[in-house]
Amino acid sequence: MGRVSRDQADRHRQQIVEAASHVFRDRGAASVSIGDVMREVGLTNGGFYRHFPSKDALVAEATANAYEQMNTGLAGLEETSVDHRAALTELVRGYLSEHNRDDWAGGCVTTGFGSDVARSDDRSVRTAFAQGVRDFAAWLSDEGDAVTPASLVRMSTMVGALFLARATSTTDFSTDVLGAARSHLLSELGEAGSEGAGPPAA
């Protein structure tokens, strides 16, 4: 295979992974076919198996890719904040917002992939998800990059509240869930409970 063809194949593979990352979060991996993903990038179904041995392999790579994007967003948030506590505060405000609740395709990775991963028996899928969750919990810690009981509780509160808010999004209860979790965590961080404009994808 020539250099141009290899470069094109690499581009196609990346396009497939990125499209899958969004569509799986938006509609759930279980309800999305290989054909659905390939149509998103304008490629034929037959080309899929030149890049991936199975749909599970794509789910694993799409999960890892989504967390990589999340980590890039968190790093950017860290760079533009006064300190880590300020970055944590901004993330909580944005993550527990109606904007993030309604952004299924580009929003929370953990909530977006969690239900499908919980039902998957594929080791590579579970490994990719577990690594992403660990990284997220570590970033939420006050103690460098160490996962702590406090950071696990923080993450569980955020992810659980967002899941419930999405599941009840047509009711006032959804906003109540977001507001209660946001106020609790911002109080813990020593901030007022106002809502931010929008989060990096997390």
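The values are calculated or read from the model by the stated rules, or taken from the named source; none is laboratory data. For clarity, every value in this text was computed on a predicted model and none was experimentally measured. Ideal geometry is used to build each Cβ from the backbone, glycine not excepted, and the neighbour counts take in all protein chains shown. We work out accessible area using only protein heavy atoms, side chains counted, and drop any ligands, DNA or RNA first. Shrake-Rupley method; radii C 1.70, N 1.55, O 1.52, S 1.80 Å.
If I model a spin label as a point 7 Å beyond the Cα along the Cα-Cβ vector, how far apart are those points for Arg134 and Glu18 in nm? That separation, rounded to one decimal, is 2.8 nm. Helix 3-27 and the longest principal axis of the C-alpha atoms of the chain enclose an angle of approximately 50°. Counting 0.36 nm for each residue step from Asp176 to Asp56 and taking away their Cα separation leaves a gain of 39.6 nm. Relative to the longest principal axis of the Cα atoms of the chain, the long axis of helix 55-79 lies at roughly 40 degrees.
Fully extending the segment from Glu98 to Thr148 would add 15.2 nm, taking 0.36 nm per residue of separation and subtracting the current Cα-Cα distance.
Shown are Trp104, Trp139, whose ranking by accessible area with a 1.4 Å probe and every protein chain present, most to least, is Trp104, Trp139. Between helix 172-188 and the chain there is an angle of about 70 degrees, using the helix long axis and the longest principal axis of the Cα atoms. Placing a label point 7 Å from the Cα of Ala118 along the Cα-to-Cβ direction, no residue of the stretch 30-46 has a backbone N closer than 11 Å.
For Thr44 and Val82, FRET efficiency with R0 = 35 Å and r from the beta-carbon atoms, rounded to 0.05?
Efficiency, from the Cβ-Cβ distance: 0.10.
So what are the ³J(HN,Hα) numbers for the stretch 149-157, from phi and the Karplus equation (6.51, -1.76, 1.60; θ = phi - 60°), rounded to whole Hz, Gly and Pro as x? The phi angles translate into x, 5, 6, 5, 5, 4, 4, 4, 5 Hz. Take Ser187: with every protein chain present and a 1.4 Å probe, its accessible area is about 80 Å².
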